Amino acid sequence: MSTKVAYIGIGAMGYPMAGYLSSRGYDVSVYDTDSSRVDAWTTEFKGHGRTSAADAATGAKWVFSSVSTEEPVSYTHLRAHETDSYLVCRLLL
């Protein structure tokens, strides 16, 4: 069984990074505030599109985040904490 991970924010940086994790065999769930990015990512890569950061983080061993403003980072961190996942990357562009 592969390790479950979540990627929050799949824009210019997060999209290919989540894709790399998927290509390396991780069970990836992605979330973005722009649902068209989630749709595009799940068409291109093997993984799961989620409708919220909490949904993506549920059951994940690791939660990665690459977002452009502080608000989603704080929200993502709080939701990941509630699911006992590890938030390993908080990138503020």
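The values are calculated or read from the model by the stated rules, or taken from the named source; none is laboratory data. Keep in mind the model is a prediction, meaning the values are calculated, not measured. Don't worry about glycine lacking a Cβ; one is built from the backbone with ideal geometry, like all the others, and counts go over all protein chains shown. Ligands, DNA and RNA are stripped out before the accessible areas are found, and what is left, the full protein with its side chains, is counted by its heavy atoms. Shrake-Rupley method; radii C 1.70, N 1.55, O 1.52, S 1.80 Å.
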In whole percent, the fraction of accessible protein surface over the stretch 1-63 that belongs to carbon or sulfur atoms, probe radius 1.4 Å, stands at 51 percent
When the charge dipole of the stretch 1-61 is computed with +1 on Lys and Arg Cβ and -1 on Asp and Glu Cβ about the Cα centre, the Cα farthest towards its positive end, among I8, S36, Y26, belongs to Y26
Calc'd 3J(HN,Hα), the stretch 20-36, phi into Karplus 6.51 cos²θ - 1.76 cosθ + 1.60 (θ = phi - 60°), Hz, glycine/Pro = x, comes to 4, 4, 4, 5, 8, x, 6, 8, 9, 10, 10, 9, 8, 5, 9, 5, 5
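Sort 8-20, 40-52, 56-68 for me by packing, meaning the mean count of neighbouring Cβ atoms within 10 Å per residue, highest on top.
Numbers: 8-20: 20.2, 40-52: 16.1, 56-68: 22.2.
The packing order, highest mean first, is 56-68, 8-20, 40-52.
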